[in-house]
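No lab work stands behind these numbers, since they all come straight from the coordinates. It should be emphasised that the depicted structure is a prediction, and the values quoted were computed from it without experimental measurement. Cβ sites come from the backbone with ideal geometry, for glycine too, and all protein chains shown count toward neighbours.
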């Protein structure tokens, strides 16, 4: 399975939030830490807020935090929320796609089974298990 860069960025941001769940983060801070475009991350943050994974606050002193404890968020629910609009293969599209193999294809069932195994693993993993803590100031070379 391949996740979109959008979902990859979302998982990185959530992992970082899980590392310090009581703290509020600015989009620019996480973008700089992970080398992500701030504008792209702002779109990710909006989708994460729409999905109920994070809470946002605008203005001075604003930022975003986890909306729920990291142990209550599974990677599977995040991936489903962000990847459902992207079909794994053509024939998985809502409209059935235009695959010429459809009448006699033996691959679709196996791909569906592989996707479900992948998602089962993500469903069994919480954000807390993947938390990405801040580097200590000492490890970052700051005295």
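Modelled label-to-label distance, residue 72 and residue 55, 7 Å Cα→beta-carbon offset: nm?
So the label points at residue 72 and residue 55 sit 1.1 nm apart.
Can you tell me the length gained on complete extension of the stretch residue 26 to residue 99, counting 0.36 nm per residue apart and subtracting the Cα distance?
Extending this stretch completely gives an extra 21.9 nm.
Could you work out which residue, out of 60, 113, 124, moves most in a Gaussian network model of the chain, that is, has the largest mean-square fluctuation with Cα springs under 10 Å?
With Cα springs under 10 Å in the chain, the top fluctuation among 60, 113, 124 is at 60.
Rounded to the nearest 0.05, what FRET efficiency is calculated for residue 65 and residue 124 with R0 set to 30 Å and r the Cβ-Cβ distance?
After rounding to 0.05, the efficiency reads 0.75.
Can you tell me which of 49, 18, 114 moves the most in a GNM of the chain? Springs connect C-alpha atoms under 10 Å apart.
114
What is the helix-to-structure angle for 108-123, meaning the angle in degrees between its Cα long axis and the longest Cα principal axis of the chain, kept from 0 to 90 and rounded to the nearest 10?
20
For the residue pair residue 106 and residue 1, what label-to-label distance in nm results when each label sits 7 Å from Cα along the Cα-to-beta-carbon direction?
Taking the simple label geometry, residue 106 and residue 1 are separated by 2.5 nm.
Of 51, 19, 62, which is the most mobile in a GNM of the chain whose springs link Cα atoms less than 10 angstrom apart?
Among 51, 19, 62, the largest mean-square fluctuation in the Gaussian network model of the chain belongs to 62.
Cα axis of helix 38-50 to longest principal axis of the chain: angle in degrees, 0 to 90, nearest 10?
Once rounded, the angle reads 70 degrees.
Taking only DSSP H segments of four or more residues, each worth -39500 (n - 2.57), what value at 222 nm results for the chain once the sum is divided by all its residues, to the nearest 500 deg cm²/dmol? Mind showing how you got there, number by number?
Details: 5 runs with 61 residues, N = 143.
Counting only the DSSP helices, I get -13500 deg cm²/dmol.
Which whole-number percent is the relative contact order of the stretch 5-128 (Cα, under 8 Å, 6+ apart)?
29 percent.
Extension gain residue 37-residue 80, at 0.36 nm per residue separation less the Cα-Cα distance, in nm?
Values: separation 43, 0.36 × 43 = 15.48 nm, distance 2.30 nm.
Stretched out fully, the residue 37 to residue 80 stretch lengthens by 13.2 nm.
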